[in-house]
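The values are calculated or read from the model by the stated rules, or taken from the named source; none is laboratory data. Since this is a predicted model, take the numbers as computed values, not measurements. Here the Cβ positions follow ideal geometry from the backbone for every residue, glycine too, while neighbour counts run over all protein chains shown. Side chains are part of the model used for accessible areas, which takes the heavy atoms of the whole protein and leaves out ligands, DNA and RNA. Shrake-Rupley method; radii C 1.70, N 1.55, O 1.52, S 1.80 Å.
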Amino acid sequence: MQALAACEARLRVVEAESRDQAVRQERERIYADLHDDLGAKLLGLVYQAESPVQADLARAILQDLRDVVTRSRGTPGTLGDVLADIRSEASQRLSAVGIGLAWDADDALPDPVLDSARALHLHRIVRESLSNTIRHAQARQVRVRVRAARGELLLELTDDGSGVAGHARAGAGMRGMQHRADALDGQIDWVAGTAGGAKVLLRVPLEDAP
C-alpha cells in the first residue's frame, strides 16, 4: 500500500509538471505569434511614417511589445546589461529624430542582478522620458548621467529643450513614470535643467549594492 501511494503521488507530480510545460509552451507560441504579427505591422509603420516623431511613436510601441515578450520569459539580467540596452535604444531613437545623446555612466557602478520586473520599470521610465523630450521639448541634445551612491542608483536625463512646462503637457506619461518609480521604491522628480530645458531625476535603491 505504501509503494502504491508513493507511485500515485509521483504520477500526480509528473502530470502537474507536464501541464505546466504545456502551458509555458502555449504561452511562448502566443507571444511569438503576437510579436511576429503586430511587430511586422509596427515596423511597417516606422518606415511609412509621415514624420520622424510618428516613426518614433511606432518604434516605442514596438519596443513595448518586445518588453512584454522578454518579461514573459523571466530572463534576469544585471544592472550593466539593462543600462547597455537602455543606452542602445536611446541612441537609436534620438539619432532617428536628429537629437544628440551624451551618455555619462560611472565606470565603478555596482552590477547587481535585476529581476525582469525591475528591469522593465527602468526601461519604461527612460523610454517615456525620451518620448516626452522627442514629442514636446524641441530639444537638440539629451544628456544621461548614471551614478551610484549610498546603495542607490542615481539617474539623470537632461534635455536642452523648452523646459519643464513642455514636458508637463504629457501628464499621463509622467504619471506612469511616477507609478513605476513607486514600484521600484524609488523617487522621481522633474526640475529645470541647469542650462535650460528640463531634467528628470530618478533615485532607486539597489539591492546588494555596496
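Numbers below:
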read-out	value
Protection proxy ranking, peptides 149-157, 135-143, average beta carbon neighbours within 10 Å, highest first	135-143, 149-157
Relative packing of peptides 122-133, 94-105 - highest average C-beta neighbours within 10 Å first	122-133, 94-105
Using a Förster distance of 41 Å, the FRET efficiency for residue 54-residue 149 (Cβ separation, nearest 0.05)	0.55
Accessible heavy-atom area order of 106, 111, highest first, probe of 1.4 Å	111, 106
Calculated from backbone phi, Karplus (6.51, -1.76, 1.60) coupling profile of region 175-191 in Hz, x at Gly/Pro	5, x, 4, 4, 4, 5, 4, 4, 5, 8, 6, x, 9, 10, 9, 10, 9
Estimated FRET transfer efficiency (residue 201, residue 141; beta-carbon r; R0 30 Å; 0.05)	0.95
Spin-label model distance (nm) - residue 64 vs residue 113, 7 Å beyond Cα toward Cβ	3.0
Anisotropy class of region 79-175 from Cα gyration tensor, a/c 1.5 cut	prolate
